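Heads up: the structure comes next, in structure tokens.
The values are calculated or read from the model by the stated rules, or taken from the named source; none is laboratory data. Given the structure is predicted, the values throughout are model-derived calculations rather than measurements. Methodologically, a virtual Cβ is constructed for each residue, glycine included, from the backbone with ideal geometry; neighbour enumeration extends over all protein chains shown. For accessibility, only protein heavy atoms count, side chains too; no ligands or nucleic acids. Shrake-Rupley method; radii C 1.70, N 1.55, O 1.52, S 1.80 Å.
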Amino acid sequence: MRYQIREKLFSFTGDFAIKNQNDKAIFNVIGKFLSIGHKLNLEDLDGNLLYYIEQRLFKFLPEYYIYNSVGHQVAKVKKQFTFFTPKFDIESAYGFYKLYGNILDHDFEITKDNSVCAVISKQWFSLSCTYGVDINENEDQAFILSLIIVLDKVMDDQQNND
């Protein structure tokens with residue numbers, strides 16, 4: 001399935017919609033206002049919580065936890081220490097994932113058990129931060145999108161600190 005993730009340029013909470021290839025909203029991402037660290041809900045269009053994403057602070061490298069709709073932790077996402085290519089290890093209840101990026105930080109792949117399950121491309125000529133995402137249909141689409149939201153938050157924080 002193909003998705004488009006486009007963050008709003010000016011938003012205090014970081015809310016945005018995830019759309020399908022037909023530009024139809026499929027999911028909403030709702031941020032917590034005035035929170036310390038990133039805290040985000042991935043919801044369906046009816047407002048039902050699918051995944052909750054929380055940044056763990058005071059870590060040497062960025063670390064996030066993803067929880068399902070009933071509050072059980074389903075993944076830990078941790079950025080690896082690398083010089084040129086961003087890499088993330090993802091321990092999850094759904095298998096062992098890795099997220100890799102190129103040196104320019106705009107093309108990424110998510111692998112599960114050494115098989116590509118998602119490809120992410122940042123669109124540079126856009127007024128907002130926009131990613132095109134292709135996800136294998138056998139994967140939990142909302143979970144993979146949660147991983148990509150984490151990637152976006154880490155890359156955005158890194159750019160803001162440079």
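The table that follows gives values for the structure above.
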| quantity | calculated |
| --- | --- |
| Among the residues listed as N68, N48, the single one being surrounded by fewer than 17 Cβ atoms within 10 Å (Cβ to Cβ) and over 14 Å from the mean Cα position of the chain (by Cα) | N48 |
| Checking S128 against (1) modelled with pLDDT under 75; (2) open to solvent by 50 Å² or more (accessible area, probe 1.4 Å), the condition it does not meet | (2) |
| Criterion violated by E54 - all others in (1) among the acidic types (D, E); (2) within 15 Å of F16 (Cα to Cα); (3) assigned to a strand (DSSP E or B) satisfied | (2) |
| Close pairs from the stretch 55-76: first within 17 Å of E43 (Cβ to Cβ), partner modelled with pLDDT of 85 or more and surrounded by fewer than 11 Cβ atoms within 10 Å (Cβ to Cβ), Cβ under 6 Å, at least 6 apart | none |
| Filtered residues of the stretch 46-88 (kept if of a type in the set (A, V, I, L, M) and within 17 Å of K32 (Cα to Cα)) | L49, L50, I53, L57, I66 |
| Residues satisfying the stated conditions in the stretch 79-118, i.e. of a type outside the set (S, T, Y) and crowded, with 18+ Cβ neighbours inside 10 Å | K79, P86, F88, I90, L99, G101, F108, I110, K112, C117, A118 |
| Residues satisfying the stated conditions in the stretch 20-44, i.e. open to solvent by 60 Å² or more (accessible area, probe 1.4 Å) and within 20 Å of Y131 (Cα to Cα) | Q21, N22, D23, K24 |
